[in-house]
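Peer 1: Mind looking over this structure? Questions follow.
The values are calculated or read from the model by the stated rules, or taken from the named source; none is laboratory data. These figures come from a predicted structure and were not determined experimentally. Using ideal geometry, Cβ is built from the backbone for each residue, glycine included, and neighbour counts are taken over all protein chains shown. Keep in mind that these areas ignore ligands, DNA and RNA; they rest on the heavy atoms of the full protein, side chains included. Shrake-Rupley method; radii C 1.70, N 1.55, O 1.52, S 1.80 Å.
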Amino acid sequence: MRGSILAFGIVSLMYLFQVSKKQMPQTDGSKEAVILHTVMQALDQAHFRPQEINDDFSKAVFKTYLQDLDGSKRFFTQNDVNQLKSFETRLDEDIKASNLDFFYLSTKLVKNAVMKAEAYYKEAIAGSYDFKSNKKIEIDPEKIPYAKNDAELKGYWSDIIQFEIESRLAEKLDLQTKDQKDKKSTSVLQKEVQDRVKEIFDDYFLRVKKQEDKDWFEIFMNSITGYFDPHSNYFSPKDKEDFDMQMSGKYEGIGARLGQEKEYVKVTSIIPGGPAAKNKELEVDDLILRVTQDGNESKEVVGMKVDDVIPFIRGKKGTGVTVSVKKKDGNTKDIHLVRDEVILEEGWAKSSILEIPGATDKIGYINLPSFYSDFENSDGKSCARDIATEVAKCQAKGAKGIILDLRYNGGGSLTEVVDMAGQFIETGPIVQVKSKTGNPYVMNDRNSAVQYDGPLLVMTNSYSASASEILAAALQDYKRAVIVGSPSTFGKGTVQRFFPLDKMVNGLQDYKPLGEIKITVQKFYRINGGSTQLRGVVPDIELADNFKYIKVGEKEYDHPMEWTEINKLNYNQNVYVVDNMEQLKSMSKARIDTSSIFKLLDENALRLKKREDLTTVSLNMDEYRKDEKTRDLESDKFAALNSRMTRIVPTPSAEFSASDKSLTSETVLKERQEEWFRNIRKDVYIEECTRIVQDMINTSNKSKLAKSKN
């Protein structure tokens, strides 16, 4: 079903329109104009809520693009903004005509502005600083205007650099006050700080200046797609490749993560089990000088951006590549590697067995980072199959309850959600999916087999989104599980599809590849008829966390789609009905009300909210250090939140498999496992959820299970 739904979406759009040379409006004939024209047609034809291209659209795109170009207000002056402002209400006409005059002007202005800002920064970093100043500055760019002129912009940079130096120098002085060993003078410390700030900003400007027109164009395109909704986006070919890799949890290459360090691309980590890990010659912090594909000439990569180097290093399984690197000792080395499939295993489901001695039975704990799926290969990685495996492991170890942790899970495949939910009920609807026309399509679990029929708890927080919300909502509506977490989940209730632009354009081969567009084509609804859009899933039991008082979620985006409601479905299940929710809430509340840790968590959430609202800082060193000391004293009160160990005792849900050991050594596997166990032992939320599951075990009466009343 996964492939058929996606194929229908693409094919139907292909029939709606195709772009050819004859259809292209009279423009400069650039690749960017072709992309813009094709994207606008795709949005108009396929988007769930197509927008009128008018002055409101023009003003919104102008505002978003300006923020994305220079949201920090470090580059543009009001004069620059005024030059662009003449387009504020005419972008709709220009975009309809695929006219990119505004875009070309913006890139010219931003490139000049960056060069000018760099000169101001260099003057500021080389100057002197008045740490006795009584000046306060605003560090939230949304609260300050653009600089009126170059002189004011230069003043902005002087303040920015002084603050960067002051904050780091204050930290060093405070640390030295606590530790008198190897005490240094203030002037020596200031020189160290000044050198570090210079290094940071030199690197910052180097990266900004490496931005090419294609990079700015992606920003411009996404300011347009973002007007339709926050999740419709243009993807360059490279971005789409990265997205697919993330969703499938694998790619073909050498198995090394890369980052940028000034003019070099640097190895930042080696992925266990990959070619580089097995070869053992490539190391973290190696600087890449050249890349040579087998049978081809060397490619010098010094000075290139990391995104431009990666395509030379990635490649098909079985092909060879030589990476020439500069080692930390200054020596250079040529390392030949044969590419292979690289597994990004840290993004997969994993489980352990939890016990609180004297308080709980064995409880299975499963963490799911995302709803991953290999869309290209039906036998590829599937989070639903992996969850089934982890549940079976927990059952084999005697777990009497299961916790499924969806915190920070941003979503993924809808089909995986249906397959996964079906493991906990007999059969029935899981989610309703509605296009802009026609009746909702109901995605059902049609497999009567039940993987697990015991107490189930789902952990969520404010960053549990999309597919996470569907699963939590379905299990909540069926009364199959207790949902525990933040006041609400993220609130993303929309479905996106990718459409390859190359297939929408006849001819124009010189311009291809054009990339792809991800378009919101459907909304999904709970089986009770309500949407998770904007409102998210409200937990059955709320636990205070750091996000309690901070604005988080879909509703904080610009141009989110609205909450709506459709008809409720008929549904019931006989597996395990949570029919004593009020009792479970009461038992948890009794623990929370007497817990000093949860009291601290609530107070800390309020402190973080207040700190978020304080966005002015003093450029007077004594005043700044005084303010920081006050904040540190407040923070000290909450130190127990990071250091307290719970009573949880985690143990493995299974021994390491031969497959695990083939990816990396058993020593590394054990180190990772112990690190995970340490994090579990420190997690007070997991501790309370373990106790809630035990409450479910103690209070459930399977002889009284009845169908949910819906």
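Peer 1: What is the spread of the Cα atoms of the stretch 245-355 along each of their three principal axes, largest first, in whole Å?
Peer 2: 55, 29, 24
Peer 1: What is the chain's relative contact order, in percent, from Cα pairs under 8 angstrom and six or more apart in sequence?
Peer 2: Across the chain, relative contact order equals 14 percent.
Peer 1: Report the Stokes-Einstein translational diffusion coefficient (µm² s⁻¹, integer) for the chain, Rh taken as the Kirkwood radius over Cα pairs, at 37 °C with viscosity 0.692 mPa s.
Peer 2: 114
Peer 1: Show me the chymotrypsin sites (Phe, Trp or Tyr not before Pro) within the stretch 194-248 that DSSP assigns to loop and that have at most 11 other Cβ atoms within 10 Å of their Cβ.
Peer 2: Of the chymotrypsin sites (Phe, Trp or Tyr not before Pro), not one in the loops of the stretch 194-248 has a Cβ with at most 11 other Cβ atoms within 10 Å.
Peer 1: Could you sort the peptides 453-465, 141-153 by per-residue average Cβ neighbour count (10 Å cutoff), highest mean leading?
Peer 2: Working: 453-465: 24.1, 141-153: 13.9.
Sorting 453-465, 141-153 by mean packing, highest first, produces 453-465, 141-153.
Peer 1: Still on this model: Could you state the accessible area per residue of the chain in Å², with a 1.4 Å probe and every protein chain left in place? Don't skip to the end; give the middle numbers.
Peer 2: On the way: 33040 Å² over 710 residues.
The answer is 47 Å² per residue.
Peer 1: What aspartates and glutamates does Lys327 reach when the alpha-carbon gap must be under 12 Å and sequence neighbours fewer than 8 apart in one chain are set aside?
Peer 2: Candidates past the 8-residue exclusion: Glu281, Glu283, Asp285, Asp286.
Peer 1: What number comes out for the charge environment of Asp285, summing +1 per Lys or Arg and -1 per Asp or Glu over other residues with Cβ under 14 Å away?
Peer 2: Charge balance near Asp285 sits at +2.
Peer 1: Here is a further query. Given the pairs Lys73/Lys209; Lys436/Lys512; Lys148/Lys262, which span a C-alpha to C-alpha distance of over 22 angstrom in this model?
Peer 2: Pairs exceeding the cut-off: Lys436/Lys512; Lys148/Lys262.
Peer 1: Cross-link partners among lysines for Lys585, C-alpha distance below 18 Å, same-chain residues fewer than 8 apart left out?
Peer 2: Lys479, Lys599
Peer 1: What lysines could a cross-link reach from Lys96, if we take a straight Cα to Cα line under 18 Å and drop same-chain neighbours fewer than 8 places away?
Peer 2: Leaving aside lysines fewer than 8 places away in the same chain, those within reach of Lys96 are Lys21, Lys22, Lys31, Lys59.
Peer 1: Using amide H atoms built in the peptide plane, which far-off residues or other-chain residues are under 5 Å from Gln573 H to H?
Peer 2: Hits under the 5 Å cutoff: Ser708.
Peer 1: Share of the chain's accessible area from carbon and sulfur, percent, 1.4 Å?
Peer 2: Carbon-and-sulfur percentage of accessible area, whole number: 49.
Peer 1: Applying 1/(1 + (r/R0)^6) with R0 = 30 Å to the Cβ-Cβ distance of Glu655 and Glu341, what FRET efficiency is obtained, to the nearest 0.05? Kindly include the intermediate steps, with their values, before the conclusion.
Peer 2: Details: r = 24 Å, r/R0 = 0.81.
Given R0 = 30 Å and the Cβ-Cβ separation, E is 0.80.
Peer 1: Now a separate question. Binning at 10 angstrom from zero up to the longest distance, how are the C-alpha pair distances of the stretch 321-366 distributed in percent?
Peer 2: Bin by bin from 0 Å, the calculated values are 19, 20, 19, 14, 16, 11.
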